[in-house]
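Trainee: So that we are looking at the same thing, I have put the structure below in structure tokens.
The values are calculated or read from the model by the stated rules, or taken from the named source; none is laboratory data. In this text the structure is predicted, and so the values were computed from the model without any measurement. For neighbour counting, all protein chains shown are included, and Cβ atoms are generated from backbone atoms with ideal geometry for every residue, glycine included. Protein only, heavy atoms only, side chains kept; ligands, DNA and RNA dropped before computing areas. Shrake-Rupley method; radii C 1.70, N 1.55, O 1.52, S 1.80 Å.
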Amino acid sequence: MRLEPRESVAFGWQVGAPLLAVVAAMAICSGLILWAGASPLSAWGLLLKGALGSTFALTETLTRATPLIFTGLAAAVAFRAKLWNIGGEGQFYVGACMATWLGTGMIDLPAWLMIPFLFLTGALAGGLFLLIPTWLKTRLKADEVVTTLLLNFVVLLVVNWLVFGPWKDPMAMGWPQAAPVVNSAMLPVLVPKSSLHLGFVLALACAILIWWMMRFTVWGFEIRAVGASLKASTFAGMPVGATIIRTALLSGGLAAMAGVSELCGVKGYLTLDLSPGFGYSGIVVAMLAALHPLGVVLSAAFIAIIYIGADSMSRAIAISNYIADVTTAVSLLTVLLAMFLTRYRIRWR
């Protein structure tokens, strides 16, 4: 058996292959549902109903998708330049910490200024934080997979110290949480009596902006070129070092914006469980989208539907909601396999 690169791939296959892969993943997971003693059709129907079957369910799904879009974009941008940023979780909390520091009374601005200010400062903090492993990569050849991953735990330990120590809210009845941000820092709600907030619109705007930048600007071309071939980019005279730094600032900033969005849009105050793993899930979102910025929106919605719907399904037919984790993992594997087979042809001897 040998692999041959395909000369060209039809657009229909580029779009259809990931969709077929997701269908195959759900078919595989249907076997687990049968094993648990339930009907797959009934289970998937309840999952969709729990995620999309009402206005409340739909807004909860979109709220869950919002930080996934930000972290998915962060991973997609970095991976496109072969900067393997596994530190989205840490950058998420860096953004949340910056919003907490500035948004709990240090600065008093009207909402139309306060919200952009927190997003910009949070993004700057997250981008600068990612520059640490980026500098270690470019100067000392340190593996950024290791450094970004380990920095996640460093940030979480710092957050743990802050919410148990200097930032602990004295009005929280002993619970380890920081003081709530001021009212002008809270994101407006888009749908009355729901948790869907302005962060969702900002996430969509970022996805469109990143797609436009990657496709139509010199910076986007340089990012794609560096990711395609570092040696060729260097030979062509591209500013490889500057491109990697810009990519790090953008990727870290997007992940940090997820933290600001979740803090100011949903929770209102910093806690150690502000993120259930949005930084790591963003990697899955980016890979499911084949690193396409607009595809990130669809894959984030898919992951949100699975997780929100699985909770409802588990309550209705007594199936563990861990089926969401299994479905996500199997979907990722099948999509990666489908993407591989669209690029290469298997020849048998």
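Trainee: Can you pull the percent of the chain's accessible area that's carbon plus sulfur, 1.4 Å probe, other chains left in place?
Mentor: On the chain, the fraction of accessible area on carbon and sulfur atoms equals 71 percent.
Trainee: Can you compute 3J(HN,Hα) from phi for each residue in region 50-62, using the Karplus curve 6.51 cos²θ - 1.76 cosθ + 1.60 with θ = phi - 60°, rounded to whole Hz and x for Gly and Pro?
Mentor: These are the phi-based 3J(HN,Hα) values: x, 9, 10, x, 7, 4, 4, 4, 5, 5, 5, 5, 5 Hz.
Trainee: Now a separate question. Based on the Cβ-Cβ distance of Leu124 and Lys193, what FRET efficiency does E = 1/(1 + (r/R0)^6) give at R0 = 45 Å, to the nearest 0.05? Provide the component values of the computation, followed by the final result.
Mentor: Values: r = 34 Å, r/R0 = 0.76.
Taking R0 as 45 Å, the efficiency between Leu124 and Lys193 is 0.85.
Trainee: Still on this structure: Once the convex hull of the alpha carbons of region 162-316 is built, what does its volume come to per residue, in cubic angstrom? Intermediate results must be reported in sequence, preceding the final value.
Mentor: Values: hull volume 25.7 nm³, N = 155.
So the per-residue hull volume is 166 Å³.
Trainee: Continuing with this model, one more query. If we sort 242-249, 183-190 on the protection proxy, mean other Cβ atoms within 10 Å, highest first, what's the order?
Mentor: Output ranking for 242-249, 183-190: 242-249, 183-190.
Trainee: Using only protein heavy atoms and a 1.4 Å probe, report how much of Lys168 is accessible, in Å² to the nearest 10.
Mentor: Using a 1.4 Å probe on the heavy atoms, I get roughly 80 Å².
Trainee: Sticking with this structure for a sec: Among [x] 69, 43, 34; [y] 68, 62, 37; [z] 72, 60, 32, only one was calculated for this model; which label is it, if the read-out is Cα extents along the principal axes in Å?
Mentor: [z]
Trainee: If amide hydrogens are placed 1.01 Å from N in the peptide plane, which non-local residues have theirs closer than 5 Å to the one on His197?
Mentor: Here the answer is Leu190, since their amide H atoms fall under 5 Å of that of His197.
Trainee: If you don't mind, there's one more thing I want to ask. So what are the ³J(HN,Hα) numbers for region 79-87, from phi and the Karplus equation (6.51, -1.76, 1.60; θ = phi - 60°), rounded to whole Hz, Gly and Pro as x?
Mentor: Values, residue by residue: 5, 4, 9, 6, 9, 7, 7, 9, x Hz.
Trainee: Given a 1.4 Å probe, how much area per residue of the chain is accessible, in Å²? Before the final figure, lay out the partial values.
Mentor: On the way: 17350 Å² over 349 residues.
That works out to 50 Å² for each residue.
Trainee: Build a GNM of the chain with springs between Cα atoms under 10 Å: which of Leu136, Leu198, Leu272 gets the top mean-square fluctuation?
Mentor: Looking only at Leu136, Leu198, Leu272, the biggest GNM fluctuation is shown by Leu136.
Trainee: Which residues' amide hydrogens lie under 5 Å from the amide hydrogen of Leu187, considering only partners 5 or more residues apart or on another chain, with H built in the peptide plane?
Mentor: Sorted by chain and number, the residues that satisfy this are Gly265.
Trainee: Only Lys, Arg, Asp and Glu count, each charged at its Cβ (+1, +1, -1, -1), so figure out the dipole size of the chain about its Cα centre, rounded to 20 debye.
Mentor: Using Cβ point charges on Lys, Arg, Asp and Glu, the chain gives about 1100 debye.
Trainee: Averaged over every viewing direction, what's the projected area of the C-alpha convex hull for region 229-291? Give it in nm², one decimal, please.
Mentor: 5.7 nm²
Trainee: Using helices alone, I'd like the mean residue ellipticity at 222 nm for the chain: each DSSP H run of four-plus residues gives -39500 (n - 2.57), total over residue count, nearest 500. Spell out each step's value before the answer.
Mentor: On the way: 13 runs with 246 residues, N = 349.
Calculated at 222 nm, the ellipticity per residue is -24000 deg cm²/dmol.
Trainee: Sequence-distant or interchain residues sharing an amide H contact under 5 Å with Leu270, placed H: which?
Mentor: Sorted by chain and number, the residues that satisfy this are Ala178.
Trainee: Semi-axes of region 52-178's equivalent ellipsoid from the Cα gyration tensor, sqrt of 5 times each eigenvalue, largest first, rounded to whole Å?
Mentor: They are 27, 22, 16 Å, listed largest first.
Trainee: Here's something else I'd like to know. Which Cα, out of Ile319, Val330, Gly241, lies furthest along the positive dipole direction of region 185-330 (beta carbon charges, K/R +1, D/E -1)?
Mentor: Gly241
Trainee: What list of ³J(HN,Hα) values in whole Hz, one per residue of region 179-194 in order, does the Karplus curve 6.51 cos²θ - 1.76 cosθ + 1.60 (θ = phi - 60°) give from phi, with Gly and Pro shown as x?
Mentor: With the stated coefficients, region 179-194 comes to 5, x, 6, 5, 4, 5, 8, 6, 6, x, 7, 7, 10, x, 6, 9 Hz.
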